[in-house]
Each structure stands twice: as structure tokens, then as C-alpha cells.
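Enquirer: Following this message is one structure expressed as C-alpha cells.
The values are calculated or read from the model by the stated rules, or taken from the named source; none is laboratory data. The structure displayed is predicted, hence computed values, not measured ones. For neighbour counting, all protein chains shown are included, and Cβ atoms are generated from backbone atoms with ideal geometry for every residue, glycine included. Calculation scope for accessible area: heavy atoms of the full protein, side chains included, ligands and nucleic acids excluded. Shrake-Rupley method; radii C 1.70, N 1.55, O 1.52, S 1.80 Å.
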Amino acid sequence: MTPAIGLALREENRVVLDEPALSAVEVTFERANDDLRIENYVGGMDFDYVSVHALKLSPASADPPKTDYLDAVRRVADENGADSISDHLGFTRDGDDGVELGHFSVPPFTSVALDVTCENIEIIQNYFGERHFFIENIAYLFQFDGEMSEAEFLNAVLARTGCGWLLDVTNVYANALNHRYDAYEFIRSVMPSAGRVQIHLAGGFFEEDGIYIDSHSHPIPKEVWELYEFALMIGRGKVDAVFIERDQNFPDESGWRGEVRKARDLAERQSVTS
Amino acid sequence: MSGKEDYRARLTHLVRGMLTGDGREIVRTLVAGSRSESIKMFIEGNQEKRFGKLQAHLEFMAQGIEGIERYVRSYILCQPLSPYATVFVDAERFLVWLERTVMLLPEQQDFVAYQRAQHRIAAKARHNRRDYVQFDKLSRRMDPLNIGFALDDEDSWIHLNPMHVWTRFHTDVLLDGEAVPPVDVLCYAALEELRTTMLDSFGTQLVRELSMYGPCTLSQWSALSRAAGRDEIFEFCTSLAELRLIAVDGA
């Protein structure tokens, strides 16, 4: 089975939504949750697969997400006919009475953080019911003192909650480079715990000091395409959807279409060889 | 302390450390080999994102408040983002902070009033989404050529756009010489946009009447009105429908 292939929907890529190779879109909740918007964010179009990508469920926070926020995510999911919902393995705030960082941070990989994260994901999954929830591995430039590796933490989250894995291939690539581990080994070790998988692909850039920044600002690099092929191979039969993310330095129409076609070609090739 | 409370305290320490300092305190809690520049990059990146969102949101205000970027940056440094805050919520908090921190000129206060009216409409649309969507549907269904017939129909109801708020301008900076301040201005949402209109005292009185009566027919309104007769209300409704401030079912 070939996964649904598509784009993280932005105003800049609406012009290529007619692309025959594209069958899925990811709707970023914070973009779609416009108080004045009446029409749904996907513009009334039909796709094989729609996912709503949230930024503030903050499953590694001390408190579960508030019902108001969950309600709003569900409303956007309903309006856009979403099949799934996703968010990041991290925290954007300490707790309900705390403050918001503005962007998610990697949690300390400790057993308490694991318990709290799993509890919160279970609350999220219960709330969304039939819609599958996926947790995304994030790119991080620093890591707090902990008791286990990211792969062990993620494996435990997937195994205990049964949620899906939003495998951000570029984040694995960036972390592997920046924190010196084997990206292939990371994916190989986590994939067995995931019952369902979505994939993110993007391109970033190298800082002068050799740090790779996952900025969603460049074409997907060759190394990420190779890692993607590997993920498709070992995740065969599990991958529901693939989304390409781009937030800066937007390409022209052929750039958008080219990456979508390549993502589909590689996925179809894997399906044929399976 | 339980494990969870311990964890909460740890996160609070981390979050506060990242928001209030330059991250040096946090570096001690990182795995060996971590660099303080990484924390600094994370903090500055978050601040820049927040600044960018507020700057885009407050674009119109920048025309009336010189150096607003400087104020936004000061605000970001001293007022952390509250949980789940959207840019509307953050911008509203900025306005409160600005009024407390800076002695604004009356002209600048009008810009604040205008911005705040926009926030109030967005909040209304969020909290009363069903009303917002229903009015939008009704308004889009109206045929401009049929409004007159519909108003004369005893079964047609006139609905005031529920997504409106009044605000008052005390100077002429936003009035383009069209009126003498102070002036009450009506801000509202239509076709997914924020709009503004200025009514004369007669129009203001009629809109306030309709707001008080709720949906009604032209005959009912005419019978109750202290401001105008049936023909005047009919004319007025035609203009309001063009502005999408009212919708007439059956039109």
C-alpha cells in the first residue's frame, strides 16, 4: 500500500494542490484556527488523507491540555474532514498556571517525564476518539539531563500509549548530525514500537559551526531522501501519510511539484518491491 | 513532593530560566557537552517569532505610534506569553501594557481603540461561532436586487450582524475629515474581514434599536421605533444590507 503523499498546507502552495501526485494535506491548527474564517482551511477540496498538526498540546507538560484547546483542535479537524491529529514530543509550557515558551522544547528523558507524557497522550487520545493521534520526534539543539536516550523514551511512549509516530526524517537527520548518533539506527530502533506512522520531510541549512538547523527553508537534501527511503522500507505497511514541510524561501511551482512527485515515486517503488 | 509535582517544579525552573535570563542557569541542567549558545539561540528564536507575529498583527497601529517595534520588544522581555495565547490575546495584553507604560497622545489612543475593537470582534466570533456562521450564510444568500421586496414581505426578518462592536474616536486622526470627534464608530466582521463604518446619529440610533429588539420584521420595527418611520427604516435597511451589517431572510 502506498501512503498518501502531500504537503503541509501553506498559502504559498495552494497553487499546486491540483498536482496528481498529491493526495494528502496537513493542516497546521494554529494557521487554520482563524476566528474570522468561515470556509474550511482545505478550501472545500477533497483529499485521501487530512491531518491536523497542533503545536500546543504540549504532551510533556505537567498538566494535560485544556479542554478549550482540545475543543478547538477537534473543531478544525471536523471542519476539514481530518483523519488524524498530531503534535510534538515536547513541552511548550510548564503547566496551566505557567507560561508559554512559544516553541516546544525537548523534555528531560526521565521516567517521571515519561509517565506524565504517556498520561497526557492517553487523555488526548481518549478525547479525539476514533481519530488517530501521532507524536512527532522534534529537532533539538540542547538536551536536559535524563535517565534514558531519546530513542528509549520514544519507544516507551509509543508502546505504552499505542499512539502513532510522526517520524520527522529531517529532525532525525539534524539530531543525528548535531548530537552525533546514527540516524539509521535511531529509526531502526523505534519503528517496531510504532503501529502507525506518518512522515515529515523538509530541508534546512548548516550554520558556520557545522550545526544543522531544521528551518524548513531549503529543498530536501539528498541525505534526507535516502533516510526517507530507509524509513519506508523498514516501516513498510505502516506508513499512512507523508507530508513535505516548507515555511521559508518558498520554491516556485515546479519546486513544490518536484518534491511531491519524488516523495510519491520513492514510496511507490517501495510498495512495488514489498 | 510526588514525582509529578517534582516534574512540574523542574519544568517551571527550566521555563522561567529560559524566559527570564540568558539561559546560563539552564546550562547546568543540560547533558555534558551542551553549549550555552544553543539555549540562547532557542530563547532568541522564540522571542523573534513572537515579535514577528505581533509586528504583523499590529501593522496598522504602527502608522499611528512611532517606534512601536521598540515597545513590542520591551513588552516581550517583561511579559512572558501566557499558556495557549493566540496573537490576538498577546496583542490585547500588549495594548494593556502599552497604556500603562507609555503616556499616549489622544490620537494614539484612537489607534489603540481601533485595534482593541478588532480584538473584541475576533473574540465574539470565537465565542459565538454558531451565530457568526449563521449570519454569514444568511448574508451571502441575499440577492441585492431582492432586498426591497424582502423587506416589504411580512414574513421576512431583519437580522443585525451579531459580530459588531462600537468604539469611540476622540480625535480626527482616523476619520479622514468625515466627522467631528468624538464619534462612535461601528466595527464588524463581514465576508471574513474586519470592517469599519461611521453612522450619523440617526443611523446610530437605529442600529442600537435593532440591537435591542433582536430579529424583527420591518413592520414590527416601524411600530416600535422612536427614531424613524417605516419608509426611513426601509431606506436605512437597504444601505445596511449593502454594508452587510444586516441580513434579511428571504432576500
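Enquirer: Just to be sure I understand the filter: pairs with C-beta atoms under 7 Å, separated by 6 or more residues or on different chains, first member in region B:159-174 and at pLDDT 95 or above, second member open to solvent by 40 Å² or more (accessible area, probe 1.4 Å) and basic (K, R). Which pairs pass?
Expert: Qualifying pairs under 7 Å: B:N161/B:R244; B:M163/B:K124; B:V165/B:R120.
Enquirer: Look through region A:180-234, keep the residues that are in a helix (DSSP H, G or I) and of a type in the set (V, I, T), and return whichever of them is farthest from the chain's Cα centre (by Cα). Spell out the reasoning first.
Expert: First, the residues of region A:180-234 that are in a helix (DSSP H, G or I): A:183-193, A:222-234.
Okay, now just the ones that are also of a type in the set (V, I, T), so A:187, A:190, A:224, A:234.
Working: A:I187: 14, A:V190: 15, A:V224: 15, A:I234: 18 Å.
This residue is A:I234.
Enquirer: Pick out the one residue from A:A151, A:A202, A:A194, A:A176 that is open to solvent by less than 30 Å² (accessible area, probe 1.4 Å) and free of Cβ contacts under 8 Å to residues at least 24 places away in the same chain.
Expert: Being open to solvent by less than 30 Å² (accessible area, probe 1.4 Å) and free of Cβ contacts under 8 Å to residues at least 24 places away in the same chain holds for just one of A:A151, A:A202, A:A194, A:A176, which is A:A176.
Enquirer: Mind checking which strands (runs of 3 or more DSSP E) fall wholly inside region A:72-172 and carry at least 3 residues that are more than 11 Å from chain B (Cβ to nearest Cβ)?
Expert: By residue number, A:84-88, A:132-136, A:164-168.
Enquirer: Condition test on B:R116, is it in contact with a strand residue (DSSP E or B) (Cβ under 9 Å, 6 or more places away or on another chain), more than 14 Å from chain A (Cβ to nearest Cβ), closer than 30 Å to A:E79 by Cα and not in a loop (DSSP other than H, G, I, E, B)?
Expert: So B:R116 fits the description; yes.
Enquirer: Still on this structure: Collect the residues in region A:149-179 that are more than 15 Å from the chain's Cα centre (by Cα) and among the acidic types (D, E), keeping them in residue-number order.
Expert: A:E150, A:E152
Enquirer: Between residues in region A:56-69 that are more than 8 Å from chain B (Cβ to nearest Cβ) and residues that are among the β-branched types (V, I, T) and open to solvent by 20 Å² or more (accessible area, probe 1.4 Å), which pairs lie under 8 Å by C-beta distance while being six or more apart or on different chains?
Expert: Here the result reads A:P64/A:I123; A:P65/A:I123, each pair linking region A:56-69 to a residue that is among the β-branched types (V, I, T) and open to solvent by 20 Å² or more (accessible area, probe 1.4 Å).
Enquirer: So how many residues does region B:96-144 have that are over 28 Å from B:R70 (Cβ atoms) and acidic (D, E)?
Expert: 3
Enquirer: Residue by residue through region A:128-157, note down the ones that are out of contact with any His (no Cβ under 8 Å at 6 or more places or on another chain) and among the acidic types (D, E).
Expert: Selection gives A:E130, A:D145, A:E147, A:E150, A:E152.
Enquirer: Among (1) open to solvent by 40 Å² or more (accessible area, probe 1.4 Å); (2) more than 14 Å from chain A (Cβ to nearest Cβ), which single condition is B:R140 missing?
Expert: (2)
Enquirer: May I pose another question? What single numbered condition from (1) away from every other protein chain (no Cβ under 14 Å); (2) charged (D, E, K, R); (3) assigned to a loop (DSSP other than H, G, I, E, B) fails to hold for A:D35?
Expert: Looking at each condition in turn, A:D35 falls short on (1).
Enquirer: Take region A:1-44 and flag every residue that is more than 21 Å from A:E259 (Cα to Cα) and either open to solvent by less than 10 Å² (accessible area, probe 1.4 Å) or in contact (Cβ under 8 Å) with a residue 24 or more places away in the chain (or both).
Expert: A:F29, A:E30, A:A32, A:N33, A:N40, A:Y41, A:G43
Enquirer: Then there's this: Might you let me know whether region A:259-268 holds any residue that is open to solvent by less than 20 Å² (accessible area, probe 1.4 Å) and without any contact (Cβ under 8 Å) to a residue 60 or more places away in the chain?
Expert: yes
Enquirer: A further question on this structure: Determine, yes or no, whether B:D110 is open to solvent by less than 80 Å² (accessible area, probe 1.4 Å) and either without any contact (Cβ under 8 Å) to a residue 60 or more places away in the chain or in a helix (DSSP H, G or I) (or both).
Expert: Spelling it out, B:D110 is indeed open to solvent by less than 80 Å² (accessible area, probe 1.4 Å) and either without any contact (Cβ under 8 Å) to a residue 60 or more places away in the chain or in a helix (DSSP H, G or I) (or both).
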